[in-house]
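The values are calculated or read from the model by the stated rules, or taken from the named source; none is laboratory data. As the structure is a prediction and not an experimental result, all values here were calculated from the model. A quick note on method: Cβ atoms are made from the backbone with ideal geometry, for glycine too, and the neighbour counts reach across all protein chains shown.
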Amino acid sequence: MADVQYIIHCWLDVEGFLGVSKQPFMQTVRTQAWAAERANLFLKYNLPSLLNQEFQDFRIFLFCGKSFKPIHDQLITHPKVEKIYDYGQQVYQEIDSEYVNIMRIDSDDMFRNDLMDEVVQRTQVHPKLRTCMVFKNVIQWNVYHNFVSDYRLPRSPFCSHTFPKAIYKKWDAFGKQQFMDYKTCPKRGTSGKICIVRHTNNVTWPRIGKDPTTQQYLEREKARRNNFTTNKSEIFRRLKRFGVNKGDVFK
């Protein structure tokens, strides 16, 4: 069996590297209050879902922007979380496994408790090339209106990459392949194992000019999405395997 180090890349607040971080509107969005709330969302939703995984032999790399390092360091202190401020360039030089597998998630989204099991079971390795799998059919939880529905992401960021040492030890090649267009991933992950959380602190909304708190948004999603429900018992049934606190549903 191949020697694989499993790593979850969790993106909290990244400056000047990924596309959305460079856009002008982010200069007004990214405040100290925003950074603190993003950290709290990570602790409330994302981290419990990772700690709830049936497979636990993985590392959590939380990618942070340097501007709000004091906030991140004060609020996020869990021993399993490794805060990264240089996109991981240094830490990957210290890893010495034959392969690394990276599963990507945003810091406000959640994995079902068997997600990493699937990643491990379906990991394929190649001595010279990157292999990958993408999860496009997810669910969404709007915490403002408290509804859950199916959701399909045409350009999903939820991708599992496996890199041989020949690539991940060479930062130029590794960086380009790690952040490449996920449409090139040939394998598809199982539906419903990732939950995207809709909330007012998400940078998507000011970027695309939409507001997830409006009645129009609620009605549009109700008409467009499969398995839409506002029934709290059904919502909790669908979310409990994501490590969601019952009180957050029955509020």
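Could you give me the residue pairs with C-beta distances under 6 Å whose first residue belongs to the range 31-54 and is within 13 Å of residue 76 (Cβ to Cβ) and modelled with pLDDT of 90 or more, whose second residue is in a helix (DSSP H, G or I) and among the β-branched types (Val, Ile, Thr) wherever it lies, and which are 6+ apart or on separate chains? Every condition considered, the pairs that remain are 36/71. If the condition is being assigned to a helix (DSSP H, G or I) and farther than 18 Å from residue 57 by Cβ, then the range 71-91 contributes 71, 72, 73, 74, 75, 89, 90. Selection of helices (runs of 4 or more DSSP H) fully inside the range 174-251 by the criterion of at least 1 residues being at pLDDT below 80 returns 204-208. Considering (1) out of contact with any Leu (no Cβ under 9 Å at 6 or more places or on another chain); (2) part of a strand (DSSP E or B); (3) more than 30 Å from residue 224 (Cα to Cα); (4) among the charged types (D, E, K, R), the lone condition that residue 104 does not fulfil carries the number (3).
Please verify whether residue 171 is at pLDDT 95 or above and of a type in the set (Phe, Trp, Tyr), treating the condition exactly as stated. Reasoning before the result, please.
Details: at pLDDT 95 or above: no; of a type in the set (Phe, Trp, Tyr): yes.
Taking the combined requirement at face value, the residue does not satisfy it.
Taken together, 80, 136 contain a single residue that is under 19 Å from the mean Cα position of the chain (by Cα), among the charged types (D, E, K, R) and surrounded by 19 or more Cβ atoms within 10 Å (Cβ to Cβ), which is 136.
For residue 71, the conditions (1) among the β-branched types (Val, Ile, Thr); (2) at pLDDT below 95; (3) within 22 Å of residue 121 (Cα to Cα) all hold with the exception of (3).
Residues in the range 30-70 that are farther than 25 Å from residue 239 by Cα, in contact with a helix residue (DSSP H, G or I) (Cβ under 9 Å, 6 or more places away or on another chain), of a type in the set (A, V, I, L, M, F, W, C) and in a helix (DSSP H, G or I): 34, 35, 68.
Each row is one residue, and each column tells you yes or no for (1) exposed (fewer than 15 other Cβ atoms within 10 Å of the Cβ); (2) hydrophobic (A, V, I, L, M, F, W, C); (3) without any contact (Cβ under 8 Å) to a residue 60 or more places away in the chain.
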position	(1), (2), (3)
86	yes, no, yes
89	yes, no, no
103	no, yes, no
108	no, no, no
116	no, yes, no
126	yes, no, yes
129	yes, yes, yes
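If I filter the range 92-100 for residues that are in a strand (DSSP E or B) and at pLDDT 95 or above, do I get at least one hit? The answer is yes, given that some residue of the range 92-100 is in a strand (DSSP E or B) and at pLDDT 95 or above.
Cβ-Cβ distances below 6 Å connect the following pairs, each with a first residue in the range 222-243 that is of a type in the set (Lys, Arg) and surrounded by fewer than 16 Cβ atoms within 10 Å (Cβ to Cβ), a second residue that is at pLDDT below 95 and part of a helix (DSSP H, G or I), and a separation of six or more residues or different chains: 232/249.
Every test in (1) within 14 Å of residue 9 (Cβ to Cβ); (2) part of a loop (DSSP other than H, G, I, E, B); (3) not aromatic (Phe, Trp, Tyr) is passed by residue 123 save one, and that test is (1). Tally time: how many residues in the range 71-98 are in contact with a helix residue (DSSP H, G or I) (Cβ under 8 Å, 6 or more places away or on another chain), within 23 Å of residue 173 (Cα to Cα) and β-branched (Val, Ile, Thr)? Count: 2.
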